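**Q** If you scroll down you'll find the structure; I have some questions about it.
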Amino acid sequence: MAAAAIPDNDDQDQSVSPALIVDLAAEVSQTVATRVAAIQDITNRTRILALNALIEAARAGEAGRGFSVVAGEVKEVSSTIEQVTRELQADLDGKIAALDRFGTRIARMVDRDRGTRLADLALNGIEIIDRNLYERTCDVRWWATDSAVVDAVAEPSPERCRHAAGRLGVILDAYTVYLDLWIADAKGRVIAAGRSQRYPGVIGTDVSGEAWFRQAMSSASGDDYAVADIAPCPQLGQALVATYAAAIRDGAQKRGRPLGVLGIHFDWGPQAETVVKGVRLAPDEAARTRVLLLDAQHKVIAASDGRGILTERLPLKTQGKSHGAYQDDQGRTIAFAATPGYETYRGLGWYGCLVQAPVAGG
């Protein structure tokens, strides 16, 4: 076994880990066993030599009596060395075992602390998403009361639809987190969009079958909104979007009759990537840690390494907890935090998650 490197100055002492303590305990145990075995071998050989000397002294009779005394002393010394060796081994074995238990206990404490820190980072990530999406719920309810938007569905005409589309374009210029904003009439036909030149297939699209449209049309008041899980949008080049919607109501009144729906398509990909890649990890952790956002079914909807989005499902084991960490059967630390929501945004049951592989050779 290669000897563990032991730091020999104060700067290097910062790198000492519980795993090093456990490794050193194992190495000391092995060294003691080797040295004790060598001493026992020497003792056995000495005893045999002493026994042979006694035999020869007996044969020599009176002439060998003095040599017999020396051989007896050698045999006694050999027995004493054997006894001391046994006591030393027993003493060292106990201390090494205690050192091993101590290192293991510290390692568990460090793992617990690391898990708590990673879970806190997961919570921070999902909180940032929640606050961001809360703003989307405010945007859609506010913009659904814009006079140009209301007029476009109250009395549809080419001129009013163009005016509303122009208004949506102005909003999009100011809010770069959106791919497009759509106005759909009561039947679910898109009659105006903010970027119809960039996405020419949008106008005339039938969204009556979309859950966000149906939920918005059946909402009780202007305080309500609808939201869809992350999905690719065919009309927007298959880009991943988070769609939020609100009813456009008669007279822009909170209890007015729904005349149509405003749907806003949040540009999920780059916004989510910024969040998962922005989680602050120590330099030695970054290469072995995946930062993820998961939906309510634990499907990956964002990943710091860009893998598995909408195709991978993480078998998350929360055990009914909203926040925590555990080790899986691969030795990885899995830290998670459920969406806490923000203000009036309750969230969609999503999770922030970090998957950290163990240190190589650790």
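**Q** Among the residues in segment 196-208, are any surrounded by fewer than 16 Cβ atoms within 10 Å (Cβ to Cβ), assigned to a loop (DSSP other than H, G, I, E, B) and β-branched (Val, Ile, Thr)? Break it down stepwise before answering.
**A** To start, the set of residues in segment 196-208 that are surrounded by fewer than 16 Cβ atoms within 10 Å (Cβ to Cβ) comprises 197-198, 200-201, 204, 206, 208.
Going one step further and asking which of them are assigned to a loop (DSSP other than H, G, I, E, B), we end up with 197-198, 200-201, 204, 208.
Filter once more, so that each one left must be β-branched (Val, Ile, Thr): none.
Within segment 196-208, not a single residue is surrounded by fewer than 16 Cβ atoms within 10 Å (Cβ to Cβ), assigned to a loop (DSSP other than H, G, I, E, B) and β-branched (Val, Ile, Thr).
**Q** I'd like to check something: does segment 182-194 contain any residue that is out of contact with any Ser or Thr (no Cβ under 8 Å at 6 or more places or on another chain) and at pLDDT below 95?
**A** Within segment 182-194, not a single residue is out of contact with any Ser or Thr (no Cβ under 8 Å at 6 or more places or on another chain) and at pLDDT below 95.
**Q** Residue by residue through segment 145-183, note down the ones that are aromatic (Phe, Trp, Tyr) and crowded, with 18+ Cβ neighbours inside 10 Å. Give the derivation first.
**A** We begin by selecting, within segment 145-183, every residue aromatic (Phe, Trp, Tyr); these are 175, 178, 182.
Matches in segment 145-183: Tyr178, Trp182.
**Q** Same structure again: Could we say that Phe266 is assigned by TED's automatic domain parsing to the domain that holds Asp180, hydrophobic (A, V, I, L, M, F, W, C) and crowded, with 21+ Cβ neighbours inside 10 Å here?
**A** Criteria met by Phe266.
**Q** Separate question: Among the strands (runs of 3 or more DSSP E) contained in segment 308-362, which hold 1 or more residues that are out of contact with any helix residue (DSSP H, G or I) (no Cβ under 8 Å at 6 or more places or on another chain) and surrounded by 13 or more Cβ atoms within 10 Å (Cβ to Cβ)? Before the answer, list the steps.
**A** Values: elements: 323-327, 333-338, 351-356.
Ranges flagged: 333-338, 351-356.
Residues are listed down the side, and each one gets a yes or a no for (1) under 19 Å from Asn124 (Cβ atoms); (2) out of contact with any Asp or Glu (no Cβ under 9 Å at 6 or more places or on another chain); (3) in the same structural domain as Leu172 (by TED's automatic domain parsing):
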position: Glu285; (1), (2), (3): yes, yes, no
position: Thr289; (1), (2), (3): yes, yes, no
position: Leu294; (1), (2), (3): yes, yes, no
position: Ile309; (1), (2), (3): no, yes, no
position: Glu312; (1), (2), (3): no, yes, no
position: Gly324; (1), (2), (3): yes, yes, no
position: Gln327; (1), (2), (3): no, no, no
position: Gly331; (1), (2), (3): no, yes, no
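**Q** Residue by residue through segment 244-258, note down the ones that are in contact (Cβ under 8 Å) with a residue 60 or more places away in the chain and either outside any helix (DSSP H, G or I) or outside the structural domain of Ser218 (by TED's automatic domain parsing) (or both).
**A** Within segment 244-258, the first condition is being in contact (Cβ under 8 Å) with a residue 60 or more places away in the chain, and the residues that meet it are 244-252, 258.
Once the filter is applied, which keeps residues that are in contact (Cβ under 8 Å) with a residue 60 or more places away in the chain and either outside any helix (DSSP H, G or I) or outside the structural domain of Ser218 (by TED's automatic domain parsing) (or both), segment 244-258 yields Tyr244, Ala245, Ala246, Ala247, Ile248, Arg249, Pro258.
**Q** Can you say whether Val279 is within 26 Å of Gln330 (Cα to Cα), touching a residue at least 24 places away in the same chain (Cβ under 8 Å) and under 14 Å from the mean Cα position of the chain (by Cα), as far as the supplied structure shows? Give the derivation first.
**A** Values: within 26 Å of Gln330 (Cα to Cα): yes; touching a residue at least 24 places away in the same chain (Cβ under 8 Å): yes; under 14 Å from the mean Cα position of the chain (by Cα): yes.
Spelling it out, Val279 is indeed within 26 Å of Gln330 (Cα to Cα), touching a residue at least 24 places away in the same chain (Cβ under 8 Å) and under 14 Å from the mean Cα position of the chain (by Cα).
**Q** In segment 259-288, which residues are of a type in the set (Phe, Trp, Tyr) and assigned to a strand (DSSP E or B)?
**A** To start, the set of residues in segment 259-288 that are of a type in the set (Phe, Trp, Tyr) comprises 266, 268.
Matches in segment 259-288: Phe266 only.
**Q** May I ask you to list the residues in segment 301-355 that are over 12 Å from the mean Cα position of the chain (by Cα), polar (S, T, N, Q) and under 22 Å from Gly269 (Cα atoms)?
**A** Thr311, Thr339, listed by residue number.
**Q** Follow-up. For segment 250-268, what are the residues that are at pLDDT 95 or above, within 43 Å of the chain's Cα centre (by Cα) and not aromatic (Phe, Trp, Tyr)?
**A** Scanning segment 250-268 gives Pro258, Gly260, Val261, Leu262, Gly263, Ile264, His265, Asp267.
**Q** Is it the case, given these coordinates, that Ala216 is part of a helix (DSSP H, G or I), in the same structural domain as Gln238 (by TED's automatic domain parsing) and either touching a residue at least 12 places away in the same chain (Cβ under 8 Å) or under 16 Å from Val241 (Cα atoms) (or both)?
**A** Values: part of a helix (DSSP H, G or I): yes; in the same structural domain as Gln238 (by TED's automatic domain parsing): yes; either touching a residue at least 12 places away in the same chain (Cβ under 8 Å) or under 16 Å from Val241 (Cα atoms) (or both): yes.
It is true that Ala216 is part of a helix (DSSP H, G or I), in the same structural domain as Gln238 (by TED's automatic domain parsing) and either touching a residue at least 12 places away in the same chain (Cβ under 8 Å) or under 16 Å from Val241 (Cα atoms) (or both).
The values are calculated or read from the model by the stated rules, or taken from the named source; none is laboratory data. Keep in mind that what you see is a predicted model, and the values were worked out from it rather than measured. Don't worry about glycine lacking a Cβ; one is built from the backbone with ideal geometry, like all the others, and counts go over all protein chains shown.
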